Amino acid sequence: MSKGVRIRSDLVRNGSRLSDSFISLAIAVCRRPFETISSLQRSSTALLKATTGFSEIEPAAGDRRFDDPAWTHNPVYRALMQSHLALAKEVHRLASELDLSPRDEARAHMALSMVADTLAPTNTLVGNPAAIRRTLETGGRNLFEGTRQLAADWRDNGGLPSMVDGSKFGVGRNLAVTPGAVVHRHAMLELIEYKAQTKTVHGTPLFIVPPQINKYYIWDLAPGRSLIEHLVQQGFQVFVVSWFDPGPEQSEWGLHDYVLALEDAMQAVREISRSPQMHVLGACSGGITSAALLAYLQAKGSDWARSLTLLVSLLDIGSIADSSMGLFAHLETLELARTVSGNTGVLQGKDLAKVFAWLRPNELVWNYWVNNYLMGEKPPTFDILYWNSDTTRLPARLHADFIALLETNALTHEGGLSIGELPLQLSNVTCDSYIVAGRTDHITPWDGCYQTRNMLGGESEFVLTSSGHVQSIVTPPGAKKASFMTNAGTHDSPESFEADAKTHEGSWWPHLSTWLAERSDAERRAPAREGSRKHPPLCDAPGTYVLAASEPAAAE
């Protein structure tokens, strides 16, 4: 843990290793031969039905791997598809019949899904009718192009297929183009203030804290898809942090240092805006840091926050235990991760991106494998995917601090986390909170995000979007199929929230704007320029830190 950060050692939890779950599965198969034999018999019957045309099994709704008409009309391909689906179904059924512990069963299902996804016939040239058709149409040029892209990805993308054609985007060119200026620079961050686009602004500014592993412009994607642009147009004076991309020489930066850097930035916001308080908005790990920051300020007696907005952020980190990512967490694997980043000085953002990709291999790995290598197509052009690939690094000390929070779930305990000599208590953060979660989020499960409202003081508004982790943030007005749920009644659990929740069609951004406006001071004349005499503009947005390329760093 970093200097200045203390996490109570008595809170460390244990668990079972992923390898232990495989051993448990193998032992259970041997100990329950009747269930195993029954599963083999069902599998044989299912294969016979598939190969003789009597199977009725169909792909799950939304499974686009088998959209090609050949999977329906060609008897050979239909038999191949149904055989694959039937075997996958039977091995999952067997795992459910072996009396494994709930955690081992969940891990077994996850591992079996990864294996089944990998062995899908669509991932091969012979087993993919669309790829065979493309090969015949192009005379094999698709395979030549696919091989070229495979070699490039092996060299430049860690062996994973590229998700996006990065040549179409540029930060400051068609991303992160909302007008503004860097008004404060710290070794760890740049503070950007955005140019007012209304004659008056709300009297309480907004301060945005992005995740440390990502660049800030998830808030400022292309025009029309920028939350910052939207909030500026709604009359808010918006400030955002742009993190410095650390190297091995910054390996000792920890949570304590990030909290103090944000405190310094907040002081600059107070001076520039002439407002003693501000709305604070954080996402993912930036949300964890924001909550710790506000608890730290409260412990100091500094009441600087008017409200706290948390997007896809887990403060009750123990609730991640049964999620896709949490199933891999064990003291030994966490210690290994801590050792690796400690030896190199940083955790590479691209390495973490690989982990997230393999949590959803169909969508984030094999989909692009087929598109890039078998079909020979370029990766799609999509601003979110470009941002997702434009990662930064985590200092080893901050990485160790986050691992310690995962091991102990310290934020759920009074005094479980201390900054300096000050024990933190989230219930002392009494400003109102606005909490956003995504129903299909595989990284920060929505029911875990819900628990945040029970940890903070003050009134809380919980919003459940219909999207996943990143799409929950990027939901501009006019987004197709977007919706979100709220519940103005009394509720204290995810189940009670959902039971009486009201569904709203469209984006939640206007809902947030209204919520913030209701908690802001009276409107005043918009500032004529960014910054102040004490904090003059240093350069135009997007600044300099965000433009630094995240290259592999070697330990000194």
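The values are calculated or read from the model by the stated rules, or taken from the named source; none is laboratory data. The structure displayed is predicted, hence computed values, not measured ones. Glycine gets a Cβ as well: all are built from the backbone with ideal geometry, and neighbour counts include every protein chain shown.
Just one of the numbered conditions (1) among the charged types (D, E, K, R); (2) surrounded by 15 or more Cβ atoms within 10 Å (Cβ to Cβ); (3) within 20 Å of PRO361 (Cβ to Cβ) is not true of ARG64: (2).
No other residue among LEU98, LEU125 is more than 30 Å from ILE27 (Cα to Cα) and not basic (Lys, Arg) apart from LEU125. A count restricted to segment 272-318 and to residues that are in contact with a strand residue (DSSP E or B) (Cβ under 6 Å, 6 or more places away or on another chain) and of a type in the set (D, E, K, R) stands at 1. Applying the condition of being out of contact with any Ser or Thr (no Cβ under 9 Å at 6 or more places or on another chain) and either part of a loop (DSSP other than H, G, I, E, B) or at pLDDT below 95 (or both) to segment 213-223 and asking which residue is nearest to ASP390 (Cα to Cα) yields LEU221. The residue of segment 153-166 that is surrounded by the fewest Cβ atoms within 10 Å (Cβ to Cβ), among those that are among the hydrophobic types (A, V, I, L, M, F, W, C) and more than 17 Å from THR381 (Cβ to Cβ), is TRP154. Across segment 186-200, the qualifying residues are those that are assigned to a strand (DSSP E or B) and in contact with a helix residue (DSSP H, G or I) (Cβ under 6 Å, 6 or more places away or on another chain), and the one among them that is farthest from ALA176 (Cα to Cα) is LEU189. Residues in segment 345-374 that are surrounded by fewer than 19 Cβ atoms within 10 Å (Cβ to Cβ) and either under 16 Å from ILE213 (Cα atoms) or touching a strand residue (DSSP E or B) at 6+ places or on another chain (Cβ under 7 Å) (or both): LYS350, ASP351, LEU352, LYS354, VAL355, PHE356, ALA357. Quick check: is even one residue across segment 430-438 over 29 Å from ALA299 (Cα atoms), assigned to a loop (DSSP other than H, G, I, E, B) and under 21 Å from the mean Cα position of the chain (by Cα)? No: segment 430-438 contains no residue that is over 29 Å from ALA299 (Cα atoms), assigned to a loop (DSSP other than H, G, I, E, B) and under 21 Å from the mean Cα position of the chain (by Cα). Each residue in segment 133-152 was checked for being buried (at least 16 other Cβ atoms within 10 Å of the Cβ) and without any contact (Cβ under 8 Å) to a residue 60 or more places away in the chain, and 1 pass. Take THR503 and decide whether it is surrounded by fewer than 17 Cβ atoms within 10 Å (Cβ to Cβ), under 19 Å from ASP447 (Cα atoms) and among the hydroxyl-bearing types (Ser, Thr, Tyr). Taking the combined requirement at face value, the residue satisfies it. Of all residue pairs spaced 6 or more apart or on separate chains, those with beta-carbon atoms under 8 Å, a first member in segment 216-229 that is buried (at least 24 other Cβ atoms within 10 Å of the Cβ) and of a type in the set (D, E, K, R) and a second member that is part of a helix (DSSP H, G or I) and at pLDDT 95 or above are ASP220/LEU227; ASP220/ILE228; ASP220/GLU229. Is it true that ARG78 is touching a Gly at 6+ places or on another chain (Cβ under 9 Å), crowded, with 16+ Cβ neighbours inside 10 Å and of a type outside the set (S, T, N, Q)? Here the answer is yes, as ARG78 does meet what is asked.
Taken over segment 452-504, residues that are in a strand (DSSP E or B) and either within 20 Å of ILE317 (Cβ to Cβ) or in contact (Cβ under 8 Å) with a residue 60 or more places away in the chain (or both) amount to 3.
Of the candidates VAL232, VAL240, the single residue that is in contact (Cβ under 8 Å) with a residue 40 or more places away in the chain, under 24 Å from LEU385 (Cβ atoms) and of a type in the set (A, V, I, L, M, F, W, C) is VAL240. Among the residues of segment 224-248, the one identified as modelled with pLDDT under 95 and either closer than 23 Å to GLU271 by Cα or outside any loop (DSSP other than H, G, I, E, B) (or both) is PRO248. Each residue in segment 402-417 was checked for being in a helix (DSSP H, G or I) and farther than 28 Å from VAL171 by Cβ, and 9 of them qualify.
All conditions but one from (1) assigned to a loop (DSSP other than H, G, I, E, B); (2) over 32 Å from the mean Cα position of the chain (by Cα); (3) touching a residue at least 12 places away in the same chain (Cβ under 8 Å) apply to VAL126; the one that does not is (3). Among the residues of segment 375-387, those identified as surrounded by fewer than 20 Cβ atoms within 10 Å (Cβ to Cβ) and outside any loop (DSSP other than H, G, I, E, B) are ASP383, ILE384. Restricting SER38, SER43 to residues that are at negative phi, in a helix (DSSP H, G or I), modelled with pLDDT under 90 and touching a helix residue (DSSP H, G or I) at 6+ places or on another chain (Cβ under 8 Å) narrows the list to SER43. Per the listing THR465, THR391, the residue uniquely modelled with pLDDT under 90 and among the hydroxyl-bearing types (Ser, Thr, Tyr) is THR391.
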